[in-house]
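A short worksheet on the structure shown next.
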Amino acid sequence: MILLLSSLFLTGCGPDTPPDFAQVYVRGILDTLYLGEYSEDFLSVTDTKDPALLEAEYETGLETEASYFAYYFGIDELTDTAKERVLDMYRELYQLARYEVHPSVAGENSYTVDVTVEPLDVISRVVAEDLDAFAAEQKAASSGDMTGEEYQERYVQGLVALIQAKMNEPGYHEPVTLTVEVTEDPEDGLYYLQGNGLAEIDEQIIRY
């Protein structure tokens, strides 16, 4: 997923700022991206006060994840119907995300925040246990009268059903701890996320 929220700036210390504002900042980004939720504490430490922006980021993240789904499973382009089905599936999957944002550690003009992620195994289990047989069944059941769009929608519907069935008993891989760096810009005193920490976290949230 493209983590657009990493462009939000952390305004830093102020009279109403939570004590560990770097931790609140990182947790707020993750909660927005994966749960579609944001807290007043998060809004208080960022340079945006518009919840609509955060809601748009959540939807953008879902769209990006749906595009990756199509790429991963070899689908050229999702039809509108298939895309909505996939988006709804990811809304459910994201609610199963597990991560813990640890207290920040102060450095010189920066903070580091460790995040422990338990990668969700739902899709990786489908790939390992069901995908080959499912693909063979779909190919065998296809008809010469079926259009490419019809085949794709049936394929996606079946694939989503397999994933949703695994969601009833979700499992998780071994926890992975990653570090995010929150750095101060010396010119304006605002803080921002530096490096690829959020992208690395995103790669672990759902294991493919």
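The values are calculated or read from the model by the stated rules, or taken from the named source; none is laboratory data. All values derive from a computational prediction rather than experimental measurement. Heads up, the Cβs are rebuilt from the backbone with ideal geometry, glycines too, and the neighbour counts pull from every protein chain shown.
Of the numbered conditions (1) in a helix (DSSP H, G or I); (2) touching a residue at least 60 places away in the same chain (Cβ under 8 Å); (3) under 24 Å from residue 108 (Cα atoms); (4) of a type outside the set (S, T, N, Q), residue 202 satisfies every one except a single condition; which is it?
Every listed condition holds for residue 202 apart from (3).
Which condition breaks for residue 75 when tested against (1) closer than 21 Å to residue 19 by Cβ; (2) assigned to a loop (DSSP other than H, G, I, E, B)?
It fails just one condition, (1).
Condition first: of a type outside the set (A, V, I, L, M, F, W, C) and out of contact with any helix residue (DSSP H, G or I) (no Cβ under 9 Å at 6 or more places or on another chain). Can you find one or more residues in segment 20-29 that meet it? Break it down into steps so the answer makes sense when it comes.
Initially, segment 20-29 is screened for residues of a type outside the set (A, V, I, L, M, F, W, C), giving 20, 23, 25, 27-28.
Narrowing further to those that are out of contact with any helix residue (DSSP H, G or I) (no Cβ under 9 Å at 6 or more places or on another chain): 20, 23.
The answer is yes, given that some residue of segment 20-29 is of a type outside the set (A, V, I, L, M, F, W, C) and out of contact with any helix residue (DSSP H, G or I) (no Cβ under 9 Å at 6 or more places or on another chain).
State which residue pairs qualify: first residue within 19 Å of residue 131 (Cβ to Cβ) and inside segment 49-74, second residue at pLDDT below 90 in any location, beta carbons under 9 Å apart, and separation of 6 or more residues or different chains.
Partner pairs satisfying both residue conditions: 65/1; 68/1; 70/76; 70/77.
Condition first: modelled with pLDDT of 90 or more, in contact with a helix residue (DSSP H, G or I) (Cβ under 8 Å, 6 or more places away or on another chain), surrounded by 16 or more Cβ atoms within 10 Å (Cβ to Cβ) and more than 22 Å from residue 199 (Cβ to Cβ). Can you find one or more residues in segment 140-152 that meet it? Outline the logic, then answer.
Filtering segment 140-152 for residues modelled with pLDDT of 90 or more gives none.
No, that holds for no residue.
Test of understanding: among 105, 117, 113, 86, which residue is in contact with an Asp or Glu (Cβ under 9 Å, 6 or more places away or on another chain), surrounded by 17 or more Cβ atoms within 10 Å (Cβ to Cβ) and more than 30 Å from residue 161 (Cα to Cα)?
Step by step, each of 105, 117, 113, 86 is checked, and only 113 is in contact with an Asp or Glu (Cβ under 9 Å, 6 or more places away or on another chain), surrounded by 17 or more Cβ atoms within 10 Å (Cβ to Cβ) and more than 30 Å from residue 161 (Cα to Cα).
If residue 56 satisfies all but one of (1) outside any loop (DSSP other than H, G, I, E, B); (2) at pLDDT below 90; (3) of a type outside the set (Val, Ile, Thr); (4) within 17 Å of residue 206 (Cα to Cα), what's the number of the condition it fails?
Unmet for residue 56, out of (1) outside any loop (DSSP other than H, G, I, E, B); (2) at pLDDT below 90; (3) of a type outside the set (Val, Ile, Thr); (4) within 17 Å of residue 206 (Cα to Cα): (4).
For residue 32, are the conditions met, namely being modelled with pLDDT of 70 or more, under 16 Å from the mean Cα position of the chain (by Cα), surrounded by 20 or more Cβ atoms within 10 Å (Cβ to Cβ) and of a type in the set (S, T, N, Q)? If you could, list the steps in order and put the result at the bottom.
Details: modelled with pLDDT of 70 or more: yes; under 16 Å from the mean Cα position of the chain (by Cα): yes; surrounded by 20 or more Cβ atoms within 10 Å (Cβ to Cβ): yes; of a type in the set (S, T, N, Q): yes.
Yes.
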